[in-house]
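Structure record follows, encoded as structure tokens.
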Amino acid sequence: MAQKTRSTAVVVDLRRCMACRSCQLACAKAHAGFDDIVEALLSGADLVPRVHLVSAEGMTVPVQCQHCEDAPCVAVCPSGALYRDEQTGAVRAAPERCIGCKACVIVCPFGAAHYDSRSRRVIRCDLCADIIEAGEVPRCVAACPTHARRVVDIEGLTQKRRDDAARRTIHVYQAQRGGEED
């Protein structure tokens, strides 16, 4: 069977994002197995979000795995912990196979993979696979009070919109890292 390319993605309208961190909280509590944030905090569970905020030049960009079509993290993973889901086309992880080598962290063009020293594994967005398959939106999307985050059909995006979004995101990354724009 030929591998399916990804067909959906979470996109962020940077003009609407107010860096409230609702996406991070929703992600962290859901992946810790809680519906209520107070319950999660009182339990002492590790609250590790798969969404990170990068700020520079008055702009904030929520960073998470983009489930790249040609995912360098999958290609470089020596243990096979990262793989392409043949049904959805998303990049998935088998945490029990992760050896903590951090190769995927190094090659991720978005800086979206993070090493968790407690679990000694890499943490990255899984697009809330458990609920996406049930037809619901990822928790970060549902939690966004300004509706800056949304799930889109990639084929429906025009190339100009993709290029514009990429340019804005790259500008913030470069400014945050002290680099220059091309």
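Per-structure values
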read-out: Net charge contributed by nearby residues that have their C-beta within less than 10 Å of A112 (K/R +1, D/E -1); value: +2
read-out: Size of charge dipole - segment 70-163 - debye, nearest 20, with Cβ of Lys, Arg +1 and Asp, Glu -1, no other charges; value: 440
read-out: Total formal charge among the other residues, if their Cβ is under 12 angstrom from that of G80, Lys/Arg +1 and Asp/Glu -1; value: +2
read-out: Net charge of neighbours whose Cβ lies under 10 Å from the Cβ of K29, counting Lys and Arg as +1 and Asp and Glu as -1; value: -2
read-out: Cα convex hull of segment 8-177 - mean projected area over all directions, nm²; value: 10.3
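No lab work stands behind these numbers, since they all come straight from the coordinates. Source: prediction; values computed, not measured. Backbone-built Cβ (ideal geometry, glycine too); neighbour counts: all protein chains shown.
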